[in-house]
1. Can you name every residue in the range 83-92 that is part of a loop (DSSP other than H, G, I, E, B) and surrounded by 13 or more Cβ atoms within 10 Å (Cβ to Cβ)?
2. Is there a residue in the range 187-200 that is in a loop (DSSP other than H, G, I, E, B) and either on the phi > 0 side of the Ramachandran plot or in the same structural domain as residue 129 (by TED's automatic domain parsing) (or both)?
3. Taking the criterion of being at pLDDT below 80 and outside the structural domain of residue 138 (by TED's automatic domain parsing), would at least one residue in the range 58-80 satisfy it?
4. Of the residues that sit in the range 9-30 and are surrounded by 14 or more Cβ atoms within 10 Å (Cβ to Cβ) and in a strand (DSSP E or B), which one is farthest from the chain's Cα centre (by Cα)?
5. Identify, by number, the condition in (1) under 39 Å from the mean Cα position of the chain (by Cα); (2) modelled with pLDDT under 85 that residue 90 doesn't meet.
6. Does any residue of the range 141-162 turn out to be farther than 28 Å from residue 116 by Cβ and touching a residue at least 12 places away in the same chain (Cβ under 8 Å)?
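The values are calculated or read from the model by the stated rules, or taken from the named source; none is laboratory data. Since the model is a prediction, treat every value here as computed from it, not as a measurement. Here the Cβ positions follow ideal geometry from the backbone for every residue, glycine too, while neighbour counts run over all protein chains shown.
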């Protein structure tokens, strides 16, 4: 797309670049206007002015020039034809905006994009594992880029620590891909998740399905790992014993603190030989 410039009325006039998808609000004759520019398929610029009168919204446009759109507005609102410059109304001559438009193409020219043609397009990859590898590779590269931008824009906390990137959400057709970045977990928050799951009897699979559709939730494996840690702490601090009314006191067994859970992913100590007997604990 070739960049268009404003018309040059005389030899000393400055030609300003006309951006695509540009909009600015301005005021003419006590009327607030929204001025927009958009490049058409015919590589022309469509100048559009919209405004409100009460609850009604009006619009005029011109492909000739910004001044042409302004004249259409004056005609539509029964105002006298004016010599107001369309360049001024659309803000093309605002110094700071003009300077940004000059610098922007320079920045784009320096940031050259290198396409790795050895990689197949994502839609041609049939294997789910290969797709996940592509997402993971993209996530790592994106993390580095965004982290540099965070430092560049000084997005830091009061302690001068840069803000953290927690997750990134992508949309591929009807599929939502959540890329989670490992960050330091707040144990208090993690313990609250474990307690909520226990009190609501939410199973591993149930929480996993919930976390799959809500990116802000802590991953299920992290909650499960913390549950095991909490269970081990309880087992170490509170002695758990069993008793059988048919046995004497000297025959009762007590589970030692050093006993390791056998075949239980949650770390809960269970002696199958004592199933059905009474249980007590010392606190």
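1. Residues satisfying the conditions are 84, 85, 90, 91, 92.
2. Within the range 187-200, not a single residue is in a loop (DSSP other than H, G, I, E, B) and either on the phi > 0 side of the Ramachandran plot or in the same structural domain as residue 129 (by TED's automatic domain parsing) (or both).
3. Looking for residues that are at pLDDT below 80 and outside the structural domain of residue 138 (by TED's automatic domain parsing), one finds at least one in the range 58-80, hence yes.
4. 28
5. If we test residue 90 against (1) under 39 Å from the mean Cα position of the chain (by Cα); (2) modelled with pLDDT under 85, just (2) comes out false.
6. yes
Conditions (1) touching a strand residue (DSSP E or B) at 6+ places or on another chain (Cβ under 7 Å); (2) surrounded by 11 or more Cβ atoms within 10 Å (Cβ to Cβ); (3) at pLDDT below 75, marked per residue:
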residue	(1), (2), (3)
99	no, no, yes
109	no, no, yes
133	no, yes, no
146	no, yes, no
149	no, no, no
162	yes, yes, no
176	yes, yes, no
